[in-house]
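Structure first, commentary second.
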Amino acid sequence: MKNMTIQHFAMQTASHEPVPGGGSISALAGSLAAALTEMVAGLTIGKKKYAEAEEEMKAAIEVMRPVRDQLLDDIKRDSESFDQYMQALALPKETEEEKAARTEAMQNGLKAAVAVPLSVAKTACQILPYAETMVTKGNKTAVTDALVAAMMARTAVLGAGFNVKINLESIKDQEYVDRIGKEVEDLEKQAIEQEKKILAKVRVSQNASELV
């Protein structure tokens, strides 16, 4: 999917097919957030005005590049992650043994469907501190790009989190549900708080005519 044109991907999303869906779009949002963070860092490097931040900018690019690539791959991985569950649904259910095997396979499939969006949420959450660095120390002419990076990263975390939680509703392993549910809640809270913190910095800067 990552090799589709933007137009083709949008048309595929708009079609009656179930994939790509919200999980893949969340991964795409995260990848674009990482890409924007890289862009702002690149626009800062080599500028005398931002010489003190140059090493941080270079370090950000080194971290964001693999993050961007991983989230691009997650676009397809998310679309494929539900296949195991769908295959389990097709298993025979004539005998009690078959029913038990089918139920177990379905539960394992649901856990597999949780794994990818959970990974997306974790990975996208890593972007936010770097987006904040771009806002506070990056090239001020690209501050809005850094802000969009922060908002896209937050969206990726929350969108992926929704996909985790809807699958958790059908999983019977309560210890697993509680553990993963708590992990997602923590990621969502962290993303929301970090975005608010970043946006508050810019609101302050608008009043003070410079970034804090």
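Just a few scattered comments:
- Leading residue by the ranking (nearest to Ile45 (Cα to Cα)) among those in the stretch 62-119 that are of a type in the set (A, V, I, L, M) and touching a Gly at 6+ places or on another chain (Cβ under 6 Å): Leu71
- Matching residues in the stretch 40-54 - criterion: being out of contact with any Ser or Thr (no Cβ under 8 Å at 6 or more places or on another chain), under 13 Å from Gly138 (Cβ atoms) and among the charged types (D, E, K, R): Lys47, Lys49, Glu52
- Lys48 fulfils the conditions (1) more than 30 Å from Ile6 (Cβ to Cβ); (2) open to solvent by less than 50 Å² (accessible area, probe 1.4 Å) except for a single criterion, (2).
- The number of residues in the stretch 145-172 that are farther than 15 Å from Ile192 by Cβ, touching a Lys or Arg at 6+ places or on another chain (Cβ under 9 Å) and among the hydrophobic types (A, V, I, L, M, F, W, C) comes to 1.
- Restricting attention to the stretch 10-41 and to residues that are modelled with pLDDT under 95, more than 18 Å from Val116 (Cα to Cα) and of a type outside the set (Asp, Glu), the residue that is surrounded by the fewest Cβ atoms within 10 Å (Cβ to Cβ) turns out to be His16.
- Within the span defined as the stretch 55-71, one or more residues are under 17 Å from Val135 (Cα atoms), open to solvent by 70 Å² or more (accessible area, probe 1.4 Å) and either touching a strand residue (DSSP E or B) at 6+ places or on another chain (Cβ under 6 Å) or free of Cβ contacts under 8 Å to residues at least 12 places away in the same chain (or both).
- Residue in the stretch 110-117 that is over 19 Å from Ile198 (Cβ atoms) and either outside any helix (DSSP H, G or I) or polar (S, T, N, Q) (or both) present: no
- Taken over the stretch 44-85, the criterion of being of a type in the set (A, V, I, L, M, F, W, C) and over 24 Å from the mean Cα position of the chain (by Cα) is satisfied by Ile45, Ala51, Ala53.
- Counted residues, the stretch 168-186 - those being open to solvent by 20 Å² or more (accessible area, probe 1.4 Å), of a type outside the set (Ser, Thr, Tyr) and either in contact (Cβ under 8 Å) with a residue 60 or more places away in the chain or closer than 24 Å to Pro18 by Cα (or both): 4
- Considering the stretch 116-147, and only residues there that are within 17 Å of Ile75 (Cα to Cα) and not hydrophobic (A, V, I, L, M, F, W, C), the residue that is most open to solvent (accessible area, probe 1.4 Å) turns out to be Lys122.
- Note on the stretch 84-115: residues that are among the charged types (D, E, K, R) and open to solvent by 70 Å² or more (accessible area, probe 1.4 Å) amount to 6.
The values are calculated or read from the model by the stated rules, or taken from the named source; none is laboratory data. Bear in mind that the values here come from a model prediction, so they are computed numbers and not experimental data. We place every Cβ from the backbone using ideal geometry, glycine too, and count neighbours over all the protein chains shown. The accessibility values were calculated without ligands, DNA or RNA, using every heavy atom of the protein model including side chains. Shrake-Rupley method; radii C 1.70, N 1.55, O 1.52, S 1.80 Å.
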